[in-house]
Structures are given as C-alpha cells and as structure tokens.
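Shown next, in structure tokens, is the structure this report addresses.
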Amino acid sequence: MRAFTLLAALSAPLVGLAAPTPLGKAIVGRQGNSTFCTRITPAPTAEETEARFNEFADLFLVQKDVYKAFEYILPEYINHNPLAQNGAQNALDILGPIWGSQSITVIRTKFEGGMSWLNYRNGMGEIVDRYRWEDGCIIEHWDQGEQFPET
C-alpha cells in the first residue's frame, strides 16, 4: 500500500502534463506569433516604403510566411472585407493556419503613391489585394471587387 501511495504521489505532476489542452490554446500554439508593425518616425520616403512593400509581397506570396509578412501590418489595421473583422490579429488568426499550404501564382504587383496591389491566383481564383501604407506600415486592406490599376 505504501508503494502505491508513493507511486501515486510521484506521478501526480506527470498526470498534469498529460492532461488535454483546451482546443483554443492548442490552436494558438500551432498558429505561431507575429510582431506587428510599429510606425516609423520620421515617415520613410516613397522609395523606402516601396522597398518595404516588395519585402512584404515576397514574404506573403512567394515565401508564404504569413507571420513574417504581418510584421509589416499595423495592429489597428482596417479590413474593408465585409466578412472580416478589423485588426491584424483577426486576419492572422484566419490566415495563419492555412496560408503556408496555399498554392499561389503571382501575377503582378504594384506600388504607387502610398497604395500597393498584389494580384495573384490561388485555390479561390484570381485575387487583387489593395493596401494603404502609412508611416512604413500597412494600415488598410481591400479585396472585394478590386481591380489591378492599368496605369
């Protein structure tokens, strides 16, 4: 009996480690983390912002590293998609688990006057994302009915 009591007492901490993790916490652990953008002061030049856009586009579409890409997005990011909530964390929670497995074909990109566009194809079809940049970071996003600018 003493041996059983001793064994039970010694194994109690291990039982706690083996207990199931609540679903929400397990998903967060798998999704990963991102450090969101911090405004750059003084604001970068148009050329510097365009270089940041090119880095973002490469991370997002080519490397498909959504966590690194979101380092270019402000936490207070405004999403104009009526089915999505505002905030970088909300977008990351949706894209994080699925983005790396997407098959993406880049069609073209463009940066002009504080706005940028990504035109690509994935499993949902052809997509045009438009972003507004402020202080070196993405502050707004549109993707519903967007057209890639021809000029």
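The values are calculated or read from the model by the stated rules, or taken from the named source; none is laboratory data. These figures come from a predicted structure and were not determined experimentally. No Cβ is skipped: glycine too gets one built from the backbone with ideal geometry, and neighbour counts run over all protein chains shown. Calculation scope for accessible area: heavy atoms of the full protein, side chains included, ligands and nucleic acids excluded. Shrake-Rupley method; radii C 1.70, N 1.55, O 1.52, S 1.80 Å.
When we screen 92, 74, 61 for residues that are under 14 Å from the mean Cα position of the chain (by Cα), free of Cβ contacts under 8 Å to residues at least 60 places away in the same chain and open to solvent by less than 50 Å² (accessible area, probe 1.4 Å), the only hit is 61. Taking the condition of being under 22 Å from residue 101 (Cα atoms), modelled with pLDDT under 95 and touching a strand residue (DSSP E or B) at 6+ places or on another chain (Cβ under 6 Å), how many residues in the stretch 114-151 meet it? Going through the stretch 114-151 one residue at a time, the tally reaches 1. For the stretch 22-51, a residue qualifies if it is at pLDDT 65 or above, open to solvent by 50 Å² or more (accessible area, probe 1.4 Å) and assigned to a helix (DSSP H, G or I), and the qualifying residues are 46, 47, 48, 50.
Yes/no matrix, rows are residues, columns are (1) among the aliphatic types (A, V, I, L, M); (2) farther than 16 Å from residue 129 by Cβ:
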residue	(1), (2)
42	no, yes
56	no, no
62	yes, no
76	no, yes
83	yes, no
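Tallying residues that are open to solvent by 50 Å² or more (accessible area, probe 1.4 Å) and without any contact (Cβ under 8 Å) to a residue 12 or more places away in the chain within the stretch 122-148 yields 2. Based on this model, can you work out whether residue 119 counts as open to solvent by less than 40 Å² (accessible area, probe 1.4 Å) and outside any helix (DSSP H, G or I)? In short, yes.
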